[in-house]
Amino acid sequence: MKLAERVSRIKPSATLTINSKAKALKQSGVHVVNFGVGEPDFDTPSHIQEAAVESMRNGQTRYTAVGGIDELKDAVCRDIENGYGLTYKRENVLISCGGKHALYNLFQAVLDPGDEVIIPSPYWVSYPDMVELAGAVPVAVPCSEQNAFKLQPEQLEKAITSRTRLFIINSPSNPTGTHYTASDLKGLAEVLARHPGVLIASDDIYCRILFGGREWTNLAMVDERMIDRCFIINGVSKTYCMTGWRIGYLIGNEEVIRAATKIQGQSTSNPTSISQYASLAALNGDRRLVDQMVRTFEERSRYVLARIGELHGVTCPTPAGAFYVFPNFSAYFGRKVGGASIANSLDLADYLMEKAHVAVVPGSPFGEDRCIRISYALSMDDLKEGFDRIGTALAALQ
Ligand SMILES: Cc1ncc(COP(=O)(O)O)c(C=O)c1O
C-alpha cells in the first residue's frame, strides 16, 4: 500500500514501544521491572472519578464546544492565575485531548514547511516527530550533562536563524528531571527579546512535580515581553494521575488559540465530555493528594540517585522534578557479553530487558545516546529489585 510521504518522516514513540515490549514479556509470565513508564503509578483520586460518574448521570455525554467547556477553561485560567500569577481569559485557552494534542495543535497552527524549531536536547521523544508532521524542521541543540542538561543563552543565540519560528522548553524535563530556575530563564529571555519573531512552546506538564522547595517558573512569568508569544502547554495527566483521561490545554495568544481550535474542529472535535468534567473536579478540588504524590516521588528520587551512585562509572545530575532520571551509562559501551558487544544505549536497553528483565528507555530517541531513561513511577520494592538486577547485569559485562 502506498502511504503518504509524511509517515516515512516519523518514528513510532520509543517509550510506547518499550512499554509494549515489557507488557508482552509480562504476559508470558515473567516479572519485568518496568522503568519505562511515563505515568504516575497512582490511581486517579476518587473525587475525580466520582465527578466523571456524576457527569454521565447528569447527561453530560454529548458533544461540547470544540475547544472545551467554558467552566473548564475558567478553571484553567484560575489555576494559571493562582499558580503562575498570569492573567488569561477563556479566549486564550483551548482544551485538547492531552498535552500531546495541545502541542500538536499548536505546531499545526503556527509552523509552515521549512520553519525551524529549536529543541534543547535531550528532549521529550515526541517533539521532533510532531514538528516534522507540521512540515517544519526540528533543530536539536545538545545540552551538556555538566550544565544539568540545560540550554545556555549563548547556545540559544547561536541556534536562532532567520527561519526559526519556535523554541520549545520543558521544565521540569522529561527525560532528565532538570529544572530551569528564574535566573536561567531570564538569560534565555534576554536572547529571545532580540528575536521577536520566535514563538515559545513552554511545556509545563510536570510543573507541579518539583522537589526540595524549588520555585517553579516559566518564560512568560520571568519576563513580560515573552507573554504574548509564549504558549503554555499543560494538562491533568501527570499532576492528577489522569493519563488515560486525555485532557490537556494550550494557553496563549487569542488569534493562535482560534487557529488551533479550528484545526481541532476538523480533527477530533471536542475532547471527551466526561473527562472534561472530571478535570474540572481535579482543578477545583483538594490538592493535598498531589502534594503527597510529589513527596513520594521526591523520596524515590533520592533512593534512585543513591542506587545510581553505587553503579561504577555511571553519572547522573540530581533531578529537580518530574519522575525520571537520565544517567550516563557510556562507561559500559564497548563491553562484551557472550560474543556480543554493547555499542550504544539501544544495545544496553536490549541487554537489560533480555538478561535482567528490566525495561529502560534508550537515550537515543531523546537525542542523547550515552544515557538511558529510568522512570521512578513504580513502587519502592520494584525500584530496589530493578537496581539489584541492573547491578548484577552490569557486573556480568566484560
Ligand atoms: C514532556 C511531556 N510533554 C507532554 C506530554 C503529554 O502528556 P499527555 O498527552 O498525556 O497530557 C508528556 C507525556 O509523557 C511529556 O512527558
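Between helix 254-265 and the chain there is an angle of about 70 degrees, using the helix long axis and the longest principal axis of the Cα atoms. When DSSP beta bridges are restricted to pairs lying wholly in region 46-284, around 30% turn out antiparallel.
Counting only DSSP H runs of at least 4 residues, each contributing -39500 (n - 2.57), and dividing by the residue count of the chain, the helix-based mean residue ellipticity at 222 nm comes to -12000 deg cm²/dmol. Tilt of helix 273-284 relative to the longest C-alpha principal axis of the chain, in degrees (0 to 90, nearest 10)? Computed tilt is about 80 degrees. Note the angle between two axes, namely the Cα long axis of helix 70-84 and the longest principal axis of the Cα atoms of the chain, as a number of degrees from 0 to 90, rounded to the nearest 10. Once rounded, one gets 60 degrees.
Would you mind classifying the chain by shape? Square roots of the alpha carbon gyration tensor eigenvalues, ordered a ≥ b ≥ c; an a/c under 1.5 is rounded, otherwise it is prolate if a/b is larger than b/c and oblate if not. Prolate, since a/c reaches 1.5 and a/b exceeds b/c.
Averaged per residue, region 46-284 has 39 square angstrom of accessible surface, using a 1.4 angstrom probe with ligands and nucleic acids left out. Ligands, DNA and RNA left out, the accessible area of region 228-333 computed with a 1.4 Å probe is 48% carbon and sulfur.
Basic side chains Lys and Arg get +1 at the Cβ, acidic Asp and Glu get -1 at the Cβ, and with that the dipole of region 1-54 about its Cα centre reaches some 680 debye.
If you roll a 1.4 angstrom probe over the protein chains with everything in place, what fraction of the accessible area of region 54-179 belongs to carbon and sulfur, to the nearest %? Carbon and sulfur together cover 46 percent of it.
Using a cut-off of 21 Å between Cα atoms, the listed pairs Lys238/Lys262; Lys100/Lys158; Lys73/Lys262 include Lys238/Lys262; Lys100/Lys158 as exceeding that distance.
The values are calculated or read from the model by the stated rules, or taken from the named source; none is laboratory data. As the structure is a prediction and not an experimental result, all values here were calculated from the model. Cβ sites come from the backbone with ideal geometry, for glycine too, and all protein chains shown count toward neighbours. Note: accessible area is taken over every heavy atom of the protein model, side chains too, but ligands, DNA and RNA are not part of it. Shrake-Rupley method; radii C 1.70, N 1.55, O 1.52, S 1.80 Å.
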